[in-house]
Structures are given as structure tokens and as C-alpha cells.
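Heads up, the thing below is written out as C-alpha cells.
The values are calculated or read from the model by the stated rules, or taken from the named source; none is laboratory data. Because the structure is a prediction, the values reported are computed rather than measured. Every residue, glycine among them, receives a Cβ derived from its backbone with ideal geometry; neighbour counts consider all protein chains shown. Side chains are part of the model used for accessible areas, which takes the heavy atoms of the whole protein and leaves out ligands, DNA and RNA. Shrake-Rupley method; radii C 1.70, N 1.55, O 1.52, S 1.80 Å.
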Amino acid sequence: MTIELPAGDLQVINIGLESFAQDLKAQGIAVVQLDWRPPAGGDARLAAMLASLDDEDDDDD
């Protein structure tokens, strides 16, 4: 299977390991590192509680 990439310069938004962005930069590829972390530090129970609070705000519309 061959995948063809669009022509032109590659530009990357990296969400995750910063070392991946550093490797791309070392190759001369334009990259932006996004410092993203899971909501509530990855605690599923806490994330669900926070999401339910956010859903309450939508009822006012």
C-alpha cells in the first residue's frame, strides 16, 4: 500500500511527546508542540464529574 502525501512543505502540530517534535525540527520540518494533558489528569471519574458540570451550563440556552 502506497500513501501519497500532498506536495509542498510539511507542517506539523504535535500533540504528545515533545521528543517527537524535536526530531521533526532536527529534520527541518516546521512543527508546533501543543502541551495537552488529559482532563482531570486522566482520572476518568473526576473527568466525568467535570463534564457533567459543563453540561449543566448548556441547559441555560
Among residues of segment 10-27, those that are open to solvent by 90 Å² or more (accessible area, probe 1.4 Å), in contact (Cβ under 8 Å) with a residue 12 or more places away in the chain and of a type in the set (A, V, I, L, M, F, W, C), counted: 3
Under 6 Å between Cβ atoms, which residue pairs at least 6 apart in sequence (or on different chains) link something in segment 28-44 that is under 13 Å from residue 17 (Cα atoms) with a partner that is at pLDDT 90 or above and open to solvent by less than 60 Å² (accessible area, probe 1.4 Å)? 31/12; 31/14; 31/21; 31/24; 33/14; 33/21
Before we move on, is residue 41 open to solvent by less than 90 Å² (accessible area, probe 1.4 Å) and part of a loop (DSSP other than H, G, I, E, B)? no
